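Colleague: Here's a structure for you.
Every number here is computed from the coordinates shown, using simple stated rules; none is lab data. The model shown is predicted, which means the values in this text are computed figures rather than measured ones. Virtual Cβ from ideal backbone geometry, glycine too; neighbours counted across all protein chains shown.
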Amino acid sequence: MRVVRARGAEAFDAAGAAALAGALRAKPTLALTLPTGGTPRGLYRALAAAHARAELSLERARVFMLDEYLDLATYPEGSFAAYLREHLGEVVFNGSTRFHALAPDDDPARLAAYDRALDEAGGLDLAVVGVGRNGHVGFNEPGSPVTARTRVVELSADTLEANFPDVAAARRPRRAVTMGLADLTSARAVLMLIKGEGKSGVARRLLDEGGVDPAVPATHLLAHRDLTIVVEAGLLS
Ligand code: GLP
C-alpha cells in the first residue's frame, strides 16, 4: 500500500491526477470507475486541464459509474450522472470514451446487465473511490457484504445527512444503486481518496489502525495488493 499524505488541496489533487495519468499511460484502454462528491472535484479540474493540454486522454478508456441515487425528486439534477458530465465534460463525454451509465432504475435485469458489462470488460483495471465519513465506498454502506455486486441499497441516516444537509428529510432519496464491494476489491488497482470535513475518524481508522471491519466498508480494500491512498495530511494530525 502506498500512502500519499497531501498537504493542501493542490497537492491532493495533483497526487490523484498523477496516479490516474500513470494508470492510463500503462493501459490506455483502462476500465475504471470514478467517484462523485466533494473529494474528487479538484482532481477532475486537474484532469480537465491536462485533457485540454492534450497531455491525457480517456478516449480509449471504459468508464463505469460507481453509484447513482434512486428516487431523486429532482432527477437528472443532483444525479451522479449529471455530476460527472459537469465535472468531467469532454474528458469522458467526447464521443469516444465508452461510458457505462448506472441508470436510476431498480430493475434487476438492468442491474444484472451492468454486472455483465463489467465482466465483459474483464473487470476493473482501476477503482478510484472516495470514502464517506462512515467508511462507505460507492454506496456500500456499513455491513455490506464483500461478495456483493451491483444492487439497490438503502442509504444510511448518516449518508443522507452528509449528502443532503439542506434538504428536508421527506425530499431526500432513500435508496441508491451501487457497484458492489466484489468488483471494487477485485479491481487490479485501487486509488482511494480521503478528503473533507468529518473524515478524521475514518482516515485514522484506515491508516493508523488497519484490519478489516465490515462496519467500515473501506477497510475491505486495505488488503488490496495494489492500493494507493491519497489522504489530506491534516486529517491525520
Ligand atoms: C458519496 C458517494 C461516494 C463518495 C462518498 C464521499 O455519497 N456515494 O461515491 O465517494 O460519498 O463523498 P464526499 O467526497 O462528498 O465526502
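Colleague: Springs between alpha-carbon pairs under 10 angstrom, Gaussian network model over the chain: which of 125, 71, 183 fluctuates most?
Modeller: For the chain, modelled as a Gaussian network with Cα springs under 10 Å, the answer is 71.
Colleague: Further question on the same structure: For a quick check: with amide H placed at 1.01 Å from N, whose amide H comes under 5 Å from residue 213's, ignoring anything fewer than 5 positions away on the same chain?
Modeller: Result for residue 213 returns 219, 220.
Colleague: Ok, one more. What does the extension gain come out to for residue 45 and residue 77, with contour length at 0.36 nm per residue minus their alpha carbon separation?
Modeller: Full-extension gain reported as 9.5 nm.
Colleague: Could you run the Debye sum over the Cα atoms of the chain, one equal point scatterer each and no solvent, and tell me log10 of I(q)/I(0) at q = 0.08, 0.12, 0.18 Å⁻¹, two decimals?
Modeller: With one equal scatterer per Cα and no solvent, log10 I(q)/I(0) is -0.26, -0.62, -1.55.
Colleague: Hey, got a sec? Which GluC sites (Glu not before Pro) in region 128-203 land in a DSSP loop and have at most 14 other Cβ atoms within 10 Å?
Modeller: Sites meeting the loop and neighbour criteria: 197.
Colleague: While we're here: Mind checking region 22-80 for GluC sites (Glu not before Pro) that DSSP puts in a loop (not H, G, I, E or B) and that have at most 11 other Cβ atoms within 10 Å?
Modeller: Those satisfying the criteria are 55, 77.
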